[in-house]
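The values are calculated or read from the model by the stated rules, or taken from the named source; none is laboratory data. Because the structure is predicted, anything quoted here is derived from the model rather than measured. With ideal geometry, Cβ positions are generated from the backbone for all residues, glycine too; neighbour counts draw on all protein chains shown. Side chains are part of the model used for accessible areas, which takes the heavy atoms of the whole protein and leaves out ligands, DNA and RNA. Shrake-Rupley method; radii C 1.70, N 1.55, O 1.52, S 1.80 Å.
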Amino acid sequence: MVGAGPTGLLLAGDLAEAGVPVTLVERRHAGLSNLSRALVVHATTLEAFDARGLAQELIGKGAPVRALRLFDTAVVDVSELPTPYPYLLVVPQYETEAVLQARLDRLGVRTRYETEVVGLRQDAGGVALTVRDADGTHEERAAYVVGTDGHKSSIRRLLGVEFPGHTVVASVMLVDAVLSDPPELRIATNTDGDKFAFVAPFKDGYHRIIAWDQSHPKAETEPVDIEEVRAVLRATLGTDFGMGEPRWSSRFHSDERQAEHYRVGRVFLAGDAAHTHSPAGGQGMNTGLLDAANLSWKLAAVLRGRADAALLDTYESERYPVGTAVIKGSGRLLRAAQIKATPARRLRNLAMHFALSRPLVNRRIGLALSGLWIKYPVPAGAHELTGHQAGDVPLDGSPARLFEALRGGSFVLLAPADLHEAAAKAGVRAAVPTDGGPVRLVRPDGYIAWAADAPSAEEVTLAIGASGA
Ligand SMILES: Cc1cc2nc3c(=O)[nH]c(=O)nc-3n(C[C@H](O)[C@H](O)[C@H](O)COP(=O)(O)OP(=O)(O)OC[C@H]3O[C@@H](n4cnc5c(N)ncnc54)[C@H](O)[C@@H]3O)c2cc1C
């Protein structure tokens, strides 16, 4: 793994937990990045953390928000979504990384800091990386390499993979400060002409404020002017919420780009190295973490000889379309926020208010934000549940629910007890579901690999054999 951001940390932890030798290199000096970038963790990511026994640790560091005000009076309510986590967890990115880092520490994986990858070549048997560290520059070999090295990815450049797209926002101000009179709905966002503001609470009493005034573009190196942030808040949300002096401020710019390929031979791209977009919708880190969850079990299955290397092709065929959809969705939200003319803005606010007052639309937007919409492509004739997220299915006995049964990176067969022998022979965990659903074979990342209404033991055996379990 090249790059110890959230994507690399999750991937390395999964591989180590599966018993696969893993090396994580990071060019930064030791310790976590103090950049407070991502602040929203969505339901599907919390489910992935639950399937690793990490959800409660992360939730303990964050503030759950069940509804957010989007453009004037339009409110998205996620409290009825079909998940054990019907909220957005507001938590600084360094806390999410700390939970993943603590897991690596428990597994005995040591990140090699101040170690930069500067060259790459591959052959049929593996990948040779040129690595620069305190001992100088030398070559190291690995069976597979994953570039989790962010939007300026060296691995992507060394592979010669294009990253087409363009810059969409520049010099946006970020501030973490205390608000003496915070917004009622906890997350508030609105625009006014050239101005955009977003406010969300952290658990420790501070708020994250994102403020952007397009009429006053400034260099990214200029310090944030707190009076300018106040002016943007007043213009867009009607108040500066009694904002005090910030503990941290910064400026950022964002591009919308997607790598042309997520895999070249034995080298993969994941996270921001594969896709990047503006923070609108809070999707970047969440998407990277789910890339990692998709790839880790496949790499482990191939490296342990349980699956053919062809399984690795499904990483790109499953995750590339998700990346495209996320960039489009985030872009639509950003473009809506950028509408400047007052009549068009009023129309947008009215249309959003009207649309979101309809429960079905509200739910659809909630599903899109939370990642619960994701379904992977399936072969023709597959059961209708195949490719969908299984959800936290209740189970008879202990463990009492699917996300607990998935811990340890195993497939889980959900079936009546008389079909469990087929699973046991293949070394797959089995449990009796109590939701009345069909027989399902659930992948370690929580997606349904195969389902059937009343299969025979032979059919179950065949399905397990074909799945990479
Ligand atoms: C203001 C802002 C707000 C955001 N809000 C959200 C949000 O609410 N929700 C959300 O999901 N996302 C959000 N994001 C996006 C999120 O921060 C990124 O998507 C996330 O950090 C990507 O994680 P990553 O692990 O893929 O890459 P990174 O976090 O960029 O990590 C890559 C790592 O690779 C290392 N590296 C690079 N090159 C090399 C090399 N050659 N050798 C060794 N190491 C190398 C880097 O030092 C770095 O540590 C936001 C971003 C910004 C800027």
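At-a-glance table
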item	result
Peptide ranges 80-89, 345-354, 269-278 listed from the most packed, as the mean C-beta count within 10 angstrom indicates	269-278, 80-89, 345-354
Accessible area per residue in Å² at 1.4 Å probe, computed on the chain	42 Å²
Amide N of the stretch 187-211 lying under 19 Å from the label point, which is placed 7 angstrom from the Cα of S180 along Cα→Cβ	205-209
Listed residues V460, L10, Y87: farthest to the positive end of the dipole of the chain (Cβ charges)	Y87
Among 438-444, 125-131, 283-289, the order from most to least packed when residues are scored by Cβ within 10 Å on average	283-289, 438-444, 125-131
Sorted peptide list for 385-391, 291-297, criterion being average Cβ within 10 angstrom, highest first	291-297, 385-391
Computed helical MRE - 222 nm, the chain, DSSP H runs ≥ 4 contributing -39500 (n - 2.57), nearest 500	-10000 deg cm²/dmol
Carbon + sulfur, % of accessible area of the chain - ligands and nucleic acids excluded, 1.4 Å	53 percent
Set of lysines near K328 by C-alpha distance (under 17 Å), chain-local residues within fewer than 8 positions excluded	K375
Simple spin-label estimate for R37 and V361 in nanometres, 7 Å along Cα-Cβ	3.3 nm
All aspartates and glutamates inside 12 Å of K61 as judged from Cα atoms, apart from same-chain residues fewer than 8 positions distant	E95, E97, D204
Assigned charges on the beta-carbon of Lys, Arg, Asp, Glu; the chain dipole about Cα centre (debye)	620 debye
The chain: DSSP helices with Cα axial extent of at least 27 Å and average Kyte-Doolittle hydropathy no lower than -0.5	284-303, 313-337
